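The values are calculated or read from the model by the stated rules, or taken from the named source; none is laboratory data. What you see is a predicted model, and the numbers here were worked out from it, not measured in a lab. Ideal geometry is used to build each Cβ from the backbone, glycine not excepted, and the neighbour counts take in all protein chains shown.
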Amino acid sequence: MKKPSLSSLLHVLRALTLALACLGSAASAAPIQVTDILARQVTLPAPAHRIVLAQARHFQVLSLLAPDPAALLAGWSDELRTSFAPDYQAALQRFPSLAQVPVVGRHTPDSFSVERTLALRPDLVVMTASFAGLAPGQPASESPLVGRLEAAGVPVIVIDFFLQPMAHTVPSLRALGQAIGQPERTEAVIAFYQQHMRTIAERLADLPADQRPPVFVHAHAGTTDCCSSPGTGTFNEMIAYAGGHNIGADVLKSATGRLNFEYINARAPQVYVATGTGSQTGAGLAIGAGVRATDARASLERLIAANRLGALPAVRSGNSHGIWHAFNDSPLHVVFIEALAHWIHPDRFADVDPAETLREINARFLAVPLAGTYLVDLQPGAEPVR
């Protein structure tokens, strides 16, 4: 029997290689079924690689789940450039291609252009239920925005890290991670998140109701008249999870509102937390990307004085702090909650270091690390994350 020639063997080898490549390609192109927070089953023909973010703030979530989140963007809103300018500049330095990502609107539903979005040929649009015009419990089928996109053949997934962060963070992460073909990396992020959240819950499991001290979160501190506060919304859930009592929730029945100076003083908060994004200048809290700890602390001192809050028990005792407001609409709220727990119950959380948690998130997950000062104490102690 004649032996096969070398060229024949090479031909067979090439054919086998091509066949295996085709099989691999077919496998990778297998449809992906994703369940979003509305319990909708959304099918994608393959991992999404042309995504439109209705709210560009969720680029940070993509940065957790994808090593090159910029490469996945077909379009986004302009809010990262405008409302979170320092963070946009940090992202732009890491991924210069972000400067060319088309804008499909501001961060509001009325400015979102369906026509511009469809012209970008996206294979996925990501938005929140409120952006889609849906009230809690309302089905996605009643959203004209979702309907128009899906009628044009564009899949839409609905996520939420803001309205119900405790319930929706994990399913939102899982849906987005599966949609972009990053299930393993996503499950690692989820495991990290759940471990840290579980530690907080376990240490507060036996906390009596009368040991939840009054907490005043001064939202967007210094940029409005005294004083903006969370009501029954996002921060309220976080304060409660961390073992505190939000003084704003007792009088504000909406997500946010304003507390007057007399009410704040009468409630005598034991913990004061100012928030800011770093995109404001002047009276606001200097916090976030590129900010030095000394500058953040100086701005915290200034805004407390400007708002006549120096007599609060929290200020007199030194239990006053500043933190990055944008932790509130991403899984990074775990850092916010750890910080609150550490400040509210220092005896139970003496060994919990939220700055170290952020450093680990930077090292393990974030494609665009958060470098700067993201939390600060009125007294020296909280160092910037590098």
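Structure notes:
- Among the conditions (1) buried (at least 19 other Cβ atoms within 10 Å of the Cβ); (2) part of a loop (DSSP other than H, G, I, E, B), residue 358 misses just one, which is (2).
- Inspection of the range 167-183 identifies at least one residue that is more than 25 Å from residue 73 (Cα to Cα) and surrounded by fewer than 23 Cβ atoms within 10 Å (Cβ to Cβ).
- Pairs where the first residue, in the range 35-61, is assigned by TED's automatic domain parsing to the domain that holds residue 102 and buried (at least 17 other Cβ atoms within 10 Å of the Cβ) and the second is charged (D, E, K, R) and in a loop (DSSP other than H, G, I, E, B), C-beta under 8 Å, 6+ apart: 37/160; 42/36; 44/123; 48/123; 51/123; 56/78
- Of all residues in the range 105-140, those being assigned to a helix (DSSP H, G or I) and of a type in the set (Val, Ile, Thr) number 2.
Here is a yes/no grid of residues against (1) of a type in the set (Phe, Trp, Tyr); (2) more than 24 Å from the chain's Cα centre (by Cα):
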| site | (1), (2) |
| --- | --- |
| 291 | no, no |
| 308 | no, yes |
| 315 | no, yes |
| 321 | no, no |
| 324 | yes, no |
| 331 | no, no |
| 335 | no, no |
| 344 | no, no |
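- Residue in the range 122-132 that is free of Cβ contacts under 8 Å to residues at least 40 places away in the same chain and under 22 Å from the mean Cα position of the chain (by Cα) present: yes
- Any chance residue 330 is closer than 20 Å to residue 166 by Cα, small (Gly, Ala, Ser) and either assigned by TED's automatic domain parsing to the domain that holds residue 261 or touching a residue at least 24 places away in the same chain (Cβ under 8 Å) (or both): yes
- With respect to the conditions (1) at pLDDT below 95; (2) outside any loop (DSSP other than H, G, I, E, B), residue 197 lacks only one, and its number is (1).
- Residue check for residue 83: of a type in the set (Ser, Thr, Tyr) and touching a residue at least 40 places away in the same chain (Cβ under 8 Å): yes
- Qualifying residue in the range 111-130 (condition: touching a helix residue (DSSP H, G or I) at 6+ places or on another chain (Cβ under 9 Å), within 28 Å of residue 287 (Cα to Cα) and surrounded by fewer than 20 Cβ atoms within 10 Å (Cβ to Cβ)): yes
- Residues of the range 79-101 that are under 19 Å from residue 116 (Cα atoms) and either touching a helix residue (DSSP H, G or I) at 6+ places or on another chain (Cβ under 7 Å) or assigned to a helix (DSSP H, G or I) (or both): 79, 80, 81, 98, 99, 100.
- When restricted to residues that are among the small types (Gly, Ala, Ser) and not in a helix (DSSP H, G or I), the range 201-213 contains 1.
- Condition met for residue 137 (on the phi > 0 side of the Ramachandran plot and touching a Ser or Thr at 6+ places or on another chain (Cβ under 7 Å)): no
- For the range 302-350, filtered to residues that are at pLDDT 95 or above and acidic (Asp, Glu), the residue that is surrounded by the fewest Cβ atoms within 10 Å (Cβ to Cβ) is 347.
- Residue that is farthest from residue 78 (Cα to Cα), among those in the range 94-104 that are touching a residue at least 40 places away in the same chain (Cβ under 8 Å) and within 20 Å of the chain's Cα centre (by Cα): 94
- Residues of the range 64-74 that are outside any loop (DSSP other than H, G, I, E, B) and either surrounded by fewer than 23 Cβ atoms within 10 Å (Cβ to Cβ) or charged (D, E, K, R) (or both): 70, 71, 72, 74.
- Here 192, 216, 235 are screened, and the one residue that is of a type in the set (Phe, Trp, Tyr) and outside the structural domain of residue 353 (by TED's automatic domain parsing) is 192.
- Residue in the range 173-188 that is under 26 Å from residue 232 (Cα atoms) and either among the β-branched types (Val, Ile, Thr) or assigned to a helix (DSSP H, G or I) (or both) present: yes
- Within the range 214-266, considering residues that are among the charged types (D, E, K, R) and in a loop (DSSP other than H, G, I, E, B), the one nearest to the chain's Cα centre (by Cα): 253
- Exclusive hit being surrounded by 19 or more Cβ atoms within 10 Å (Cβ to Cβ), in contact with a strand residue (DSSP E or B) (Cβ under 8 Å, 6 or more places away or on another chain) and modelled with pLDDT under 95, set 244, 233: 233
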